[in-house]
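The block underneath contains the structure these notes are about, expressed in structure tokens.
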Amino acid sequence: MSSRKELGDAGEEFAAAYLQSRDYEILSRNFRFGRTAEVDIIALTNDTIVFVEVKTRNNQKYGTPAEAVTLKKQQKIIAAATKFLQDNDFFDKSCRFDVIEVFADNDQNFNNWKYNHIENAFEIS
């Protein structure tokens, strides 16, 4: 991958394919609220709305991908999730916040890529 954006986009594709293979229905990708709040993937499984932050790394020089989901990032995801729920009148559904860590290598066909799906990675406090 030649850029961080390309690596991140590929990681999101990988994560979306993983979720779909486990019967998650993808409701939205890259849902934005305002200038800085975004949810990478919004999915539905077992009547639960799942807001997924995808973090992709090709090394762990700066820590694990999940460690990059800071409190400030969580607050932005929660803001976007709230807007999505309002826009779609989904307040009767349960929801959770997941993080999918994607461990990439230079194989662009995803053959050696790995993931770690962290369910309920954080909550609204």
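How many of the residues making up the range 89-118 are in contact (Cβ under 8 Å) with a residue 40 or more places away in the chain and more than 28 Å from S3 (Cα to Cα)? Working first, answer last.
Step one: filter the range 89-118 for residues in contact (Cβ under 8 Å) with a residue 40 or more places away in the chain, giving 90, 93-106, 108, 110, 113, 115-118.
Checking the rest, the ones that are also more than 28 Å from S3 (Cα to Cα) come to 90, 93-96.
Adding up the residues that qualify gives 5.
Evaluate the range 62-84: report whether one residue or more is under 18 Å from E123 (Cβ atoms), among the polar types (S, T, N, Q) and touching a Phe, Trp or Tyr at 6+ places or on another chain (Cβ under 7 Å). Within the range 62-84, one or more residues are under 18 Å from E123 (Cβ atoms), among the polar types (S, T, N, Q) and touching a Phe, Trp or Tyr at 6+ places or on another chain (Cβ under 7 Å).
Restricting to the range 60-74, what's the tally of residues that are loosely packed, with under 14 Cβ neighbours inside 10 Å and not aromatic (F, W, Y)? Number satisfying all stated conditions: 7. Residues considered: R32, R57, R22. Of these, the only one that is of a type in the set (K, R), farther than 15 Å from N120 by Cα and buried (at least 18 other Cβ atoms within 10 Å of the Cβ) is R57.
Each residue in the range 34-69 was checked for being modelled with pLDDT of 95 or more, over 12 Å from the mean Cα position of the chain (by Cα) and closer than 15 Å to F84 by Cβ, and 3 pass. When restricted to residues that are over 12 Å from the mean Cα position of the chain (by Cα), of a type in the set (A, V, I, L, M, F, W, C) and assigned to a helix (DSSP H, G or I), the range 79-96 contains 4.
How about the range 44-73: which of its residues are of a type in the set (K, R) and either touching a Pro at 6+ places or on another chain (Cβ under 7 Å) or in a strand (DSSP E or B) (or both)?
In the first step, residues of the range 44-73 are kept if they are of a type in the set (K, R); the result is 55, 57, 61, 72-73.
K55, R57, listed by residue number.
When the range 7-43 is examined, which residues are found to be without any contact (Cβ under 8 Å) to a residue 24 or more places away in the chain, more than 20 Å from A66 (Cβ to Cβ) and not in a strand (DSSP E or B)? Q20, S21, D23, R35 - these are the residues of the range 7-43 that are without any contact (Cβ under 8 Å) to a residue 24 or more places away in the chain, more than 20 Å from A66 (Cβ to Cβ) and not in a strand (DSSP E or B). Looking only at the range 82-99, decide whether some residue is in contact with a strand residue (DSSP E or B) (Cβ under 9 Å, 6 or more places away or on another chain), among the small types (G, A, S) and either surrounded by 16 or more Cβ atoms within 10 Å (Cβ to Cβ) or on the phi > 0 side of the Ramachandran plot (or both). No, the conditions are met nowhere in the range 82-99.
The values are calculated or read from the model by the stated rules, or taken from the named source; none is laboratory data. This structure is a prediction, so every number in the text was calculated from the model and none was measured. So basically every Cβ, Gly included, is an ideal-geometry build from the backbone, and we count neighbours across all protein chains shown.
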